[in-house]
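Here the structure is laid out as structure tokens; the discussion comes afterwards.
Since every read-out is calculated from the coordinates, none of them should be taken as a lab result. Please read these numbers as outputs of a predicted model, since none were measured by experiment. Positions of Cβ are backbone-derived with ideal geometry, glycine not excepted, and every protein chain shown enters the neighbour counts.
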Amino acid sequence: MLRVFDPRAQLTPVQSAKSLQSNKDSRILWAKDDFLLTTGFDSMRTREVRLWDSRKLSSSVSSLSLGTSSGMLVPLFDDDTGLLLLAGIGDTAVDCFEVSAAEPFLTQVSHCLTDASTRGTAMVPKLALDVISCEVVRVLQLTDSCIVPISYQVPRKSSGQEFHDDLYPDTVGTTPAMSAEEWWKGGNKQVDKVSLHPDKRPKPAAKPTPVKKELPRGESKEDQPHGCSTSSSPLSTPSSTAAPSRSPSSTSGLSSGFLPSPSQSVKAIQSMLGPTSKFRHIQGAVMHRDKHITNIRNLNLTTPGECDGFCVNRQRVAVPLAIAGGQIAVFERSGPGRQPDTALPTIQNSVNVADLSWDPFDTHRLAVAGDDAKIRMWQVPEGGLKETLTEPKLVLQGHTEKIYSIKFHPLASGVLVSSSYDLTVRLWNLESGEQVKILTGHQDQVFGMAWSPDGKLLATVCKDGKVRIYDPRKSTAPVQEGPGPEGHRGARVVWVCDGKYLLVSGFDSRSERVLYLFSADSLSSGPVANAALNVSPSTLIPFYDPDTSVVILTGKGDTRVYIYELVPEDPYFIECSSFNSPEPHKGLAFLPKTECNVRDVEIAVGLMLTKTTIEPVAFRVPRVKKEFFQDDMYPDTAVWWEPALTASAWLSGSNGQHKKLGLKPKDMTPVSEAPKEAPVRKYLPSSVYLEEKTDEQKKEELLSAMVAKLGNMDDPLPQESFEGVDDEEWDD
């Protein structure tokens, strides 16, 4: 409904009319001459713009369709020029129309293409425009990483030289016409108008002169903000594109009179752009098809949100199937290729699968949590499944309701933790098959759990909006508690930066996916940093590599894989290049570091689950000297597939740590020990070009060039080598 109110006269609308045919987001503003303008969606979900006469709302006087898109149209109107600008959220274009009080009412003026998607727009006040350059409108476009000014200018011959009165009528000033009390009493004064002529503008009140600060070396007052591009849209053309962004490495604005050294330039650029990551150009690539497992049938594509979708280890992959009885297929990584069309041997759980996980210390043992509140331990025979398994080796019972998720201990063999709808988190000793601890304190669904790198603490993130840390061997209550994500769609947690921080991926109150970083020593203080990503229904599942401090995140059903380097100081999140899969994937799980090909500078290798395939994906960092071992990329890695202690030892209070393993092949030399190459001068010194030559030297160079082109004068001519004609031949 479209309603018009007179709030000082009555609380009910003075006019109302049926306007938009969709209940999606819409916007409204007053245009010139008592006209109202609305943007929204029609019954076919097509974006439309409608112009209404506020004196007669029975029907719109004009309408315009702008295609099908999910992004809401944000209208901006300039009353002085009658220009209407429309920017769709998520679009890469801004449309400009002229609004008039007679037919055709809405006339398109320009279509400006932008470099990045729009997240929001705002119009700059008229007093801030460059009127000498005939700038009539300026819009600020908010993108994911910067704010881009878009300028609309009218081309004039004398642009930049004089003020054009016909383009700039007096505009509304900044001094209020009356107070709120006067307006409530019935006052209707209008704001005084001011001239935009540079010589007639109102002068601002004098302010105390600020103390002049010395600019850092390598900067000047003329330097513009870096990292954003400026779009200029002449109104005389139907469309225009954003101008390329100014290079951050430009030295034209340097205050010093000499060219800085390379080291100075690098420092100056880093100070402007902030810290960069050596992984910023990381590249994800799907490996060759001969390593794919294809023709997988009946995949379960609706696993619970707390489940990663499937699980992998060095030897095999376990995938839930959409077949009655909670069946799980197990594929051997040593046997890629097309799977047979016939039925495969499976693991039959008899109930729906809630979560599953391989034992990190036993590549044959698979833990499966079911809807019946039981955890079943299965033993896959050597060489893989040859026949269907129906009897588990061990069944763990204790939970009273459906289980959310399960996690193995990272150091102790035979220790498992589980969370359930009964709001408890329970520890199990697989050596004895018994429940050993019940952790309490959760008021709602437990979204995720994570063991600390040293195996001492357990972190949880809960739907009740709390992040908690437990010391399960000492207390069943949390030792720390702090505010978590505001959204209730789901969340995950992982320990990062040597266990000093917790990374939580979740949702904010607007259902936008956000990454939160908490200090593990002070959860109650809230997150120390956060990074907003996008709006999507699936929870981001993080994989953290402790060797590089790189976190790789994606959600089930996504096509984009986000990559960040995490640092324990501001700015905490350093964004790297992302990887896009050709089609939505159903999960991404990672293999041990030993699966990485260090000769290709692979820092992570994962398996991507699609509708019918399992495809390996390698994440590589481009390096110049790939013949050397990149020891700055590959510190000694933990042998996390070997236990550091037993379940009974850990439960009795003992602690341990993993052994370390070097990844350098014997035939490779570390890049830190590579021979230093002498720098090659690419250009002659400037003295060669600036050296003044005499006239005689110039003549000599010119003659030498001509002789070189024509040849030496002492050389015989080509025709001298031709044979002549005998006199007798002339007689013939």
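Region 24-74: which trypsin sites (Lys or Arg not before Pro) are DSSP loop and have at most 13 other beta-carbon atoms within 10 angstrom? Those satisfying the criteria are K24, R45, R55. Counted by Cβ distance under 11 Å from C311, the other residues give a net charge of -2, where Lys and Arg count +1 and Asp and Glu count -1.
In terms of its C-alpha gyration tensor, region 44-126 has an oblate overall shape, because the principal axis ratio a/c (a ≥ b ≥ c, square roots of the eigenvalues) is not below 1.5 and a/b does not outweigh b/c. The calculated FRET efficiency for the pair Q443 and T363, based on their C-beta separation and a Förster distance of 51 Å, comes to about 0.85. Charge tally for E575 (other residues, Cβ to Cβ under 13 Å; Lys, Arg +1; Asp, Glu -1): 0.
Each residue in M1, M178, M633 was given a count of other beta-carbon atoms within 10 angstrom of its own, and listing them fewest first yields M1, M178, M633. Under the convention that each Lys and Arg Cβ holds +1 and each Asp and Glu Cβ holds -1, the size of the dipole of region 283-651 around its Cα centre is about 640 debye.
May I ask you to list the trypsin sites (Lys or Arg not before Pro) in region 372-459 that are in a DSSP loop and have at most 10 other Cβ atoms within 10 Å of their Cβ?
Working: sites: K374, R376, K386, K393, K402, K407, R426, K437, K456; in loops: K386, K393, K402, K456.
Those satisfying the criteria are K386.
Counting every pair of alpha carbons in region 427-555, the share spaced more than 20 Å apart comes to 42 percent. Of the residues N349, M287, S524, the one whose Cα sits farthest toward the positive end of the charge dipole of region 283-651, with +1 on the Cβ of Lys and Arg and -1 on the Cβ of Asp and Glu, is N349.
Classification of region 492-617 by its C-alpha gyration tensor yields an oblate form. The axis ratio a/c (a ≥ b ≥ c) is 1.5 or more, and b/c is at least a/b.
Extension gain for the segment A322 to L140, taken as residue separation times 0.36 nm less the Cα-Cα distance, is 60.6 nm to one decimal. What would the Debye formula give as log10 I(q)/I(0) at q = 0.15 Å⁻¹ for the alpha-carbon point model of region 1-144, no solvent? After summing over all Cα pairs, the log10 values are -0.81.
A93 to V624: extension gain in nm, 0.36 nm per residue of separation minus the Cα-Cα distance?
187.3 nm
Cα gyration tensor of region 283-651, axes a ≥ b ≥ c as square roots of the eigenvalues: rounded (a/c below 1.5), prolate (a/b > b/c) or oblate? Rounded, because the longest to shortest axis ratio a/c is under 1.5.
Determine the sum of side-chain charges near K24: Lys and Arg each +1, Asp and Glu each -1, restricted to other residues whose C-beta is under 13 angstrom from that of K24. Mind showing how you got there, number by number?
On the way: positive: R27, R45, R47; negative: D25, D42, E48.
Result for the local shell: 0.
Taking the centroid of alpha carbons for each part, region 436-458 and region 99-133 are 54 Å apart.
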